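The values are calculated or read from the model by the stated rules, or taken from the named source; none is laboratory data. Here the structure is a predicted model, which means the values were calculated and not measured. All Cβ positions, glycine included, derive from the backbone under ideal geometry; neighbour counts span all protein chains shown. Surface accessibility is based on the protein's heavy atoms, side chains included, excluding ligands, DNA and RNA. Shrake-Rupley method; radii C 1.70, N 1.55, O 1.52, S 1.80 Å.
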Amino acid sequence: MQPSDSTVIYPGSFDPITNGHLDIIERAHKLFGLIIVAVADPLHKKCFFSLEDRIYFVRESTKHLERVRVEKLEGLLVDFARKKGARAIIRGLRAVSDFEYEFKMAWMNRRMHPELETLFLIPSENYAYIASSLVKEIAFLGGDVKELVPPVVYERLKDVKIDGKGPSLEVE
Ligand code: COA
């Protein structure tokens, strides 16, 4: 099957990108002409990695995919999608627990931009249980996350130190 010429947006906080996110990007890459990975600073949670780091991790991890662009997401996703001429938003669905949150977002986005579709892709079962917060917790507590994240993230997670104030990144 040839990829269509449509542009789609894959938004998220990617704090950090995991192999589960990458799996979704690779699946979308087979289907669509241009995938814009939109990295956000969400209002509903505080990210551990800076926006610059998160964008860098996604860029490095998707270097092998020629039709993937990584950008900062500012403002409303629907406005960003309009500006980019995107026809759809891609989201990954891992488990039933994702449904409620995803449906709420999809309906809200449709209210604001009725022509923009939300498409759900299902990751490989190997990644169905991965979440960025779990990966961070395991890494911060000394567990091995090599199989769960791209190499650039794995290397950076080694710079995390934990003291009385919680986890922080060692300055290079
Ligand atoms: N593999 C691994 N993990 C995945 C995953 C996959 N395929 N799909 C989702 N996740 C995880 C993420 O790691 C994250 O886990 P965490 O909370 O443990 O860190 C969680 O699922 C959800 O994160 P993510 O997919 O990055 O979404 P988000 O909720 O952080 O981001 C935005 C939501 C950025 C898309 C949303 O806030 C947005 O659109 N913001 C722009 C402003 C706007 O338009 N708001 C109105 C929206 S209606």
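Dipole check for the chain: with +1 at the C-beta of Lys and Arg, -1 at the C-beta of Asp and Glu, and the Cα centre as origin, the magnitude is about 460 Debye. Note on SER133/ASP79: beta-carbon distance plugged into 1/(1 + (r/R0)^6) with R0 of 35 Å gives a FRET efficiency of 0.80. Taking a point 7 Å out from the Cα of LEU93 in the direction of its Cβ, the residues of segment 1-16 whose backbone N falls within less than 17 Å of it are 11.
Accessible-area rank, largest first, for SER61, SER133, SER4: SER133, SER4, SER61, with all protein chains present and a 1.4 angstrom probe.
Heavy-atom surface analysis with a 1.4 Å probe gives the chain a carbon and sulfur content of 54 percent of its accessible area. Each stretch of four or more DSSP H residues adds -39500 (n - 2.57); spread over every residue of the chain, this sum gives -11500 deg cm²/dmol at 222 nm. Within the straight-line cut-off of under 18 Å between alpha carbons, the lysines reachable from LYS72 are LYS45, LYS46, LYS63, LYS83, LYS84, sequence neighbours fewer than 8 places apart in one chain being disregarded. Think of a 1.4 Å ball rolled over the protein heavy atoms: the chain then has 59 Å² of accessible area per residue. For segment 1-102, what class follows from the C-alpha gyration tensor (a ≥ b ≥ c being the square roots of its eigenvalues): rounded when a/c is under 1.5, otherwise prolate if a/b is larger than b/c, else oblate? It is rounded, given that a/c, with a ≥ b ≥ c, falls under 1.5.
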